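Notes for the one structure printed next.
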């Protein structure tokens, strides 16, 4: 499944994405394509976004992917805010350098519709390492990463964003895989405007986003699934909890 970077960004554009998952790279010349719908809610604010993505193992241990997110609607207290359109494209790269460890780099390109993001936005980078291990019927995956951005047209850059992701997938049968996990984020540093620090330090501001979901393997080629995620932490997501409901369909090729 797609994993999300700092979902607070969903309030200004759409759900951003990080690595596709935390587990080993697929065999050479194998891939996946997936479409999923996210419905995000925070108090009176809500947004629906549709994303299409694909990943492919070009050579053994090296995977490349692309995600195209599109905001369908944004509303506040039932009123359409007229914020929709293409969001930032996501380029994903992973290299499996050990049987249980991957290195990854995700790049976010400033393709966001002006109605969503205003002026031309920054280029975003998210990089780090992943560790995974199998314990009987449980597949454990984890990630430690750092996200940062260049300056956009507004000359503003946010603090760096350190993330830790943990997930356990339960192989209860060949057809059904329930899973649980949590994304933990912590900001580092201050907001900068044209290279100068502005305001107080945000170091230590944290967000927590536990989730649970289910993947249903229809056959060896097709799968579907659903997920619910709850994001909280006043200094990171705001006072109100963000709820994200996801439905997905995908194909292995």
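Here are the numbers for this structure:
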| item | result |
| --- | --- |
| Residues residue 75 and residue 180, FRET efficiency given R0 of 45 Å [Cβ-Cβ distance, rounded to 0.05] | 0.90 |
| Ranked 162, 72, criterion: other C-beta atoms within 10 Å, fewest first | 72, 162 |
| Packing-based exposure ordering (other Cβ within 10 Å, fewest first) of 98, 40 | 98, 40 |
| Cα-based equivalent ellipsoid, segment 4-252: semi-axes from gyration tensor eigenvalues, Å | 29, 21, 18 |
| Gain on full stretching of the segment that runs from residue 131 to residue 37 - 0.36 nm per residue minus C-alpha separation | 31.1 nm |
| Length-normalised contact order for segment 164-210 - Cα pairs under 8 Å, 6+ apart - percent | 33 percent |
| Per residue Cα convex hull volume in Å³ - calculated over segment 102-144 | 91 Å³ |
| Between segment 156-206 and segment 113-151, the alpha-carbon center distance in angstrom | 8 Å |
| The chain - percent relative contact order, Cα under 8 Å, separation 6 or more | 15 percent |
| Those residues of segment 171-187 whose amide nitrogen sits under 18 Å from the label point placed on residue 144, 7 Å along Cα→Cβ | 182-187 |
| Cα gyration tensor shape for segment 206-253, rounded if a/c is under 1.5, else prolate or oblate | prolate |
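The numbers here are math on the coordinates, done by the rules we state, and not lab data. In this text, all values refer to a predicted model and were calculated from it rather than measured experimentally. Here Cβ is always computed from backbone atoms with ideal geometry, including for glycine, and neighbour counts include all displayed protein chains.
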